[in-house]
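Enquirer: Here you go, one structure.
The values are calculated or read from the model by the stated rules, or taken from the named source; none is laboratory data. Quick caveat, the model's predicted, so the values are computed rather than measured. Note that we place each Cβ from the backbone using ideal geometry, even for glycine, and neighbour counts take in every protein chain shown. Heavy atoms of the whole protein, side chains included, go into the accessibility calculation; ligands, DNA and RNA do not. Shrake-Rupley method; radii C 1.70, N 1.55, O 1.52, S 1.80 Å.
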Amino acid sequence: MLEYIRAGVFAFLLLAGLFIQITAVIGVNRFRFSLNRLHPAGMADTLGLLLMALAAVVYAGFSPVTLKILLVVALFWIASPVCSHLIARLVRETDEKHFEAEAKEWKR
């Protein structure tokens, strides 16, 4: 009985993470401006990765592998906002003309 519950939780977490990842891919392809694309990409990095990592933890059980998986998630959570911020600053500094046009469009 416990194996069925564990398999159900594993399947739910994996499918939820997959749904987040697919939604993020659609979101990245839908937006035109690069700064608008950062949000779905960031969501895929944080929430989708967390759900898939939790699915792996449930599948593997609590072991040293679990700690390694959680360490990888923690490193991604540290690196992803920093990378998104640096990309946003790069776009702001290098694409001034397009940035101003996009900002005016959003102010309406």
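Enquirer: Per DSSP H run of n ≥ 4, the term is -39500 (n - 2.57); total these for the chain, divide by its residue number, and report the mean residue ellipticity at 222 nm rounded to 500 deg cm²/dmol.
Expert: Mean residue ellipticity, 222 nm, calculated: -29500 deg cm²/dmol.
Enquirer: Report Rg(Cα)/(2.2 N^0.38 Å) for region 1-53, keeping two decimals.
Expert: 1.41
Enquirer: OK, next. Loop only per DSSP, at most 15 neighbouring Cβ atoms within 10 Å: give me the chymotrypsin sites (Phe, Trp or Tyr not before Pro) in region 1-37, ordered by residue number. Walk me through the numbers before you get to the answer.
Expert: Working: sites: Tyr4, Phe10, Phe12, Phe19, Phe31, Phe33; in loops: Phe31, Phe33.
Filter output for region 1-37: Phe31.
Enquirer: Now a separate question. From the alpha carbon gyration tensor of the chain, can you work out the equivalent ellipsoid semi-axes (sqrt of 5 times each eigenvalue) and give them in Å, largest to smallest?
Expert: Sorted largest first and rounded, they come to 36, 16, 7 Å.
Enquirer: Would you please name the trypsin sites (Lys or Arg not before Pro) within region 1-72 that are DSSP coil residues with at most 14 other C-beta atoms within 10 Å of their C-beta?
Expert: Of the trypsin sites (Lys or Arg not before Pro), the ones in loops of region 1-72 whose Cβ has at most 14 other Cβ atoms within 10 Å are Arg32.
Enquirer: Also, quick follow-up: Residues of the chain: accessible area per residue at 1.4 Å, in Å²?
Expert: 74
Enquirer: Same structure again: For region 74-96, list residues with backbone N below 11 Å from a point placed 7 Å from the Cα of Thr46 toward its Cβ?
Expert: Only 77-78, 80-82 fall inside the zone, counting backbone N under 11 Å.
Enquirer: Additional query: Treating the angle as unsigned and between 0 and 90°, give the value, to the nearest 10°, between the Cα long axis of helix 64-94 and the longest Cα principal axis of the chain.
Expert: Compared with the principal axis, the helix lies near 10 degrees.
Enquirer: Would you calculate the separation in nanometres between label points at Tyr4 and Phe62, each defined as 7 Å from the Cα along the Cα-to-beta-carbon direction?
Expert: 2.5
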